[in-house]
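Worksheet: the structure to be examined is printed underneath.
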Amino acid sequence: MVAVLRTPDDRFAGLPDFPFQPRYLNVDGGPLGPLRMHYLDEGAAQHGTVLMVHGEPSWSFLYRKLIPPVVNAGWRCIAPDHIGFGRSDKPVERSFFTADRFVGWLGELVERLDLRNTVLVCQDWGGPIGLRTLADMPERFAGVFATNTLLPNAEPPPRGVAGWPGPIVEPWVEFCRTATDLNVSETIAATCVQRPAPEVLAAYDAPFPDASYKTATLAITTLIPLHAEAEGIAQNRAAWEVLEQFHKPFATAFSDADPSTAPWEEVFRRRIPGCALAPHVRIEGAGHFVQEEQGKALGAALVQFLRTLE
């Protein structure tokens, strides 16, 4: 049995509005040996670097509308694909994937590329992974731009979200725990206000020729810690302790139609002192994948935020 799959390059030919050159580095795969991690690297760091971290079940294609305006504003853009996603290698064993490994891989990329004066842009799982990475190396980060994301802590309000995980997240975790396949493009379409075009949905399916390539898309969801005793809560709470001392600008740009993460916007603003230093916006006309539906508006808000850091 093949332990690691690699999506054929021809699956990524002709993607819409995605002219970016693929780049790769090898990260620690433990018992599997080195794993190839894909990332985009666009623009010059005139003012600094923007690290765009995707969630589940998307990949760096999600950020294609944000990269050009950010590059034009004088910032370098780094957009990696998590291991198991996009053009990165795809281990086939579910038990291989842990939250610590996802954080470790992103941290290794940050260190290997020696990213400094970095602004973290995070959505969905980009929050738990990216914010834990920031907590491990806060000196490398100059700010955060958070959209439709979360950092579960299983604490009651005002430190957490009432009724977490609620009627959406818990059934989704259970489905992913028992499923053997995931319709990636339909998962994205189902959480959009307007259904994306067929060629866009095909691009989200491109990394996954069949179900054997989708292990990470199912495994990562089961890593969401749902209660105080769950694995991962201690690490997330430790990250919150760092964020409560984060006095650099922290902006939120949540959409108006994402039922799964909306309550976390207020928790971030309440607990992180850097939120008092940043402009906050509400992006209208978008569901969970706000970069896909309202990339132009989100990109403009991001550039406005970046200008406050120049």
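Of note:
- Only one of Gln291, Gln245, Gln235 that is under 17 Å from Val50 (Cα atoms), touching a residue at least 12 places away in the same chain (Cβ under 8 Å) and not hydrophobic (A, V, I, L, M, F, W, C): Gln291
- Flag for Glu108 being out of contact with any helix residue (DSSP H, G or I) (no Cβ under 9 Å at 6 or more places or on another chain), of a type outside the set (S, T, N, Q) and more than 28 Å from Leu218 (Cα to Cα): no
- Evaluating Glu186 against the criteria (1) surrounded by 14 or more Cβ atoms within 10 Å (Cβ to Cβ); (2) in a helix (DSSP H, G or I); (3) among the charged types (D, E, K, R) leaves one unmet condition, (1).
- If the condition is being in contact with a helix residue (DSSP H, G or I) (Cβ under 8 Å, 6 or more places away or on another chain), assigned to a loop (DSSP other than H, G, I, E, B) and of a type outside the set (A, V, I, L, M, F, W, C), then region 58-81 contributes Ser58, Arg64, Lys65, Asp81.
- Restricting region 126-146 to residues that are of a type in the set (D, E, K, R) and touching a helix residue (DSSP H, G or I) at 6+ places or on another chain (Cβ under 8 Å) leaves a set whose member that is nearest to Phe61 (Cα to Cα) is Arg132.
- Search result, residues across region 121-137 that are among the aliphatic types (A, V, I, L, M) and either in a helix (DSSP H, G or I) or closer than 30 Å to Ile168 by Cβ (or both): Val121, Ile129, Leu131, Leu134, Ala135
- As for region 110-120, it holds no residue that is in a helix (DSSP H, G or I) and either modelled with pLDDT under 95 or touching a Pro at 6+ places or on another chain (Cβ under 6 Å) (or both).
- In the set (1) assigned to a loop (DSSP other than H, G, I, E, B); (2) crowded, with 22+ Cβ neighbours inside 10 Å; (3) over 16 Å from the mean Cα position of the chain (by Cα), the condition left unmet by Gly287 is number (3).
- The one condition from (1) crowded, with 20+ Cβ neighbours inside 10 Å; (2) assigned to a helix (DSSP H, G or I) that Ala238 does not meet is (1).
- Residue in region 142-158 that is crowded, with 18+ Cβ neighbours inside 10 Å, part of a helix (DSSP H, G or I) and aliphatic (A, V, I, L, M) present: no
- Every residue from region 203-228 that is assigned to a loop (DSSP other than H, G, I, E, B) and free of Cβ contacts under 8 Å to residues at least 60 places away in the same chain: Asp210
- Residues that are among the polar types (S, T, N, Q) and under 23 Å from Trp125 (Cβ atoms) were ranked within region 1-52; the one that is surrounded by the fewest Cβ atoms within 10 Å (Cβ to Cβ) is Asn26.
- Lone unmet requirement of (1) over 13 Å from the mean Cα position of the chain (by Cα); (2) surrounded by fewer than 24 Cβ atoms within 10 Å (Cβ to Cβ); (3) modelled with pLDDT of 95 or more; (4) not in a loop (DSSP other than H, G, I, E, B) for Thr180: (4)
- Which listed residue is more than 22 Å from Ala13 (Cα to Cα), within 16 Å of the chain's Cα centre (by Cα), in contact (Cβ under 8 Å) with a residue 24 or more places away in the chain and part of a loop (DSSP other than H, G, I, E, B), from Gly55, Gly104, Gly84: Gly55
- In region 24-50, the residues that are in a strand (DSSP E or B) reach residues that are buried (at least 19 other Cβ atoms within 10 Å of the Cβ) and among the polar types (S, T, N, Q) with C-beta atoms within less than 6 angstrom, at least six apart or across chains, in these pairs: Met37/Ser88; His38/Ser88; Leu40/Ser60; Thr49/Thr118.
- Scanning region 91-104 for any residue that is small (Gly, Ala, Ser), closer than 18 Å to Pro273 by Cα and in contact with a Leu (Cβ under 6 Å, 6 or more places away or on another chain) turns up nothing.
The values are calculated or read from the model by the stated rules, or taken from the named source; none is laboratory data. Bear in mind that the values here come from a model prediction, so they are computed numbers and not experimental data. Neighbour counts run over all protein chains shown; Cβ positions are idealised from the backbone, glycine included.
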